[in-house]
Each structure stands twice: as C-alpha cells, then as structure tokens.
Amino acid sequence: MRNPCILLLDDDALFRRQMLAYLELWGARVLEADTLEQGVQLAARWWPDLVLGNLGLPVNGQASLLTEFRRHHVLAPFVAISSEGKMAEVAAALQAGAVDYLVKPVQDWSSVKRRLAACLLPVSQQAQRELAEFESHLAFYRRQDMAASRLLRDLGASGELQLGSWHLSCHYRTPWVLTQSVRLEQDLLLLAAEFDPLHQDTPMLMLLVAFLLHEPLRQYQRRGNRLLESPARTLEYFNQRLFETELNAGVNLLLLRLRADSNTLEVANGGMTGCDWLACCNAGPLGRGDFTASPWYQPCRFPLQLSLSGSHGGRIELTARRAPY
C-alpha cells in the first residue's frame, strides 16, 4: 500500500519521534496521539490503515488498550507495542486480535518495515504470503532437517564404548543431549551437552557442537595446538565458535578430562549440574560474549559414576572404568 495512513498511539515522546521519522521516510502519513481519547478522535476522523499502540498507555478500568480502542474503532489492523519483559501483555493482545507486535527499544528497523508492510497487505494477500512462507520452511526442512536428524541420531546414541584402556558407559532417554569422547594419549576427554528442545535453532546447534572437537583434535594429533589438554580453554573455544554463529539457542556443556596417572578429574562446566563440585565451577550456558570458564580439579575413584542434568530436563548417566596396567 502506497502512502498508508498510520496512527501512532504512544505517550513516549522520544519513541514517537523515532517512529515518526522512519514511518515518514517509508512514505507513510502519520497521525500522533499520546492518549487513548486523542487516538480515538483521530481514528474517527481519518480512518487510519494501521494503528500502532503502546500497551502501557493508561486506560480507564481494567480493560486493555486494544479492547478500549476496539470499542470505538474496529476496522484498522492493530500492532501492539510493548517494552522488554512484558511479553505476557503482548500475548494477551495477540489473543485479543492484534496482528503483530513491536518490542521497545527497536533494534532492527528494516525488520519493522517488513512486518508493518505485511500488516498492510489485504487479507487475501496476507493468506497467500503466509502459505508461501510455510511452504518454503517445509521445503527447507525436507532438504535439511531429515539428514540432520539421522546424523544426530547416530552421533548421540547412548551405549557402551571402548577407547584404549577406557570403558565408557553412557545412557539417557532424551534425544536432546549429546556425548562425545576422545583419547588424549593415556587420558580421556569427555564432552556432555544438553540442548533446549523447544528452540528452533537447536538442530543446527547440535550439529555444530558435534563437530567442534574435530579441528582441535586434528591439531592435537599432529602435535600442533594443545588446546584439548585444557578443558577450560577448550570450553571457551567452543563458546566463542557458538557465539560467532549468532544462533540464539543456548547449550549446557561439560568437559571432563579423566587423568590416567592419578585419580583426578579436570573439569570445565558450562551449565550442567549433578553434584556440589560441578556447581563450584559452573560458568553458565554457552553462547555468550562474556563467557569465562573456571578450571576445577576433583579427586575421584574409578569406576567413576556421574549423573548429570541440564536446565531443560535432560539427564545423562555416565560410568567410566579403566583397565588395570
């Protein structure tokens, strides 16, 4: 729609000025109001094509801004505006008929432009656009996700594993965890990770984590970079790689180095729980720009038995044994 008429209903003068500048730059004609009463009067006079309304704007009684506005003007699509941390209000507005929402402060104005343009489409075109978007997502997952799921199933299978003199037993009941282990001469490095089953980025993140050990292991085997000898440095390396991908899903990840020359574990923990000493070195989930791992040395006895948990309900049961010399 060319030169749409948009009603901006917000008592935040600074945000209104920002929004006005962008909307007019995009060719819209903007009506401004800082009270519900003023907005209702402007809507009755000019019949806007779209309404942007701040859910925090004061209204009489217990009714929401959208409900009160709809009592006077029912036709124009309504986009809810809210601040961070008030998503319950946004959810209620969407259930009440809002077509979309914006969260302040706005970071991506190009995304706002696309979303508002979609709200201005005729209903028939909106349905066609949503169907085309759904079909494109379906095609993507047909190509990518089936292969990824098969690969992850093979990588994440629980069971028994023999690595040199080490025998490792790993069991879990959810597909959203991953374990890997590699030999460091006579020692064993063990990775245990748990992922958010509800996040859209999780399948890609699981694949990425599954392959993160490959490059430092290749360098270690060639007597190059000795990164893997330090679980803490390795965990920070993992976090940096995950942070650079800009995937939003977090991952709880633990690295254990089982030392063959002593009854000792060297631990770096990023979000896993299960015992007191894990809490002492817990640096929180990976995927952040400010992540710092804390090395921890823990006396132990073999066979080692650990029960690990993440923050998404995943549980991993590990048992490690080493054959005598």
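Numbers at a glance
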{"quantity": "Looking only at the stretch 282-299, and only at residues there that are touching a residue at least 40 places away in the same chain (Cβ under 8 Å) and surrounded by 17 or more Cβ atoms within 10 Å (Cβ to Cβ), the one that is farthest from Arg233 (Cα to Cα)", "calculated": "Gly287"}
{"quantity": "Selection from the stretch 33-55 of residues that are surrounded by fewer than 18 Cβ atoms within 10 Å (Cβ to Cβ) and touching a helix residue (DSSP H, G or I) at 6+ places or on another chain (Cβ under 8 Å)", "calculated": "Asp34, Ala44"}
{"quantity": "Members of the stretch 160-190 that are aromatic (Phe, Trp, Tyr) and not in a strand (DSSP E or B)", "calculated": "Tyr172, Trp176"}
{"quantity": "Positions within the stretch 227-267 being among the hydrophobic types (A, V, I, L, M, F, W, C) and surrounded by fewer than 17 Cβ atoms within 10 Å (Cβ to Cβ), in sequence order", "calculated": "Leu227, Phe243"}
{"quantity": "Some residue of the stretch 284-294 being touching a Ser or Thr at 6+ places or on another chain (Cβ under 7 Å), in a strand (DSSP E or B), more than 16 Å from Leu189 (Cα to Cα) and modelled with pLDDT of 90 or more", "calculated": "no"}
{"quantity": "Total residues in the stretch 1-60, condition within 33 Å of the chain's Cα centre (by Cα) and in a helix (DSSP H, G or I)", "calculated": "12"}
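The values are calculated or read from the model by the stated rules, or taken from the named source; none is laboratory data. What you are looking at is a predicted structure, and each value in this text was computed from that prediction instead of being measured. Don't worry about glycine lacking a Cβ; one is built from the backbone with ideal geometry, like all the others, and counts go over all protein chains shown.
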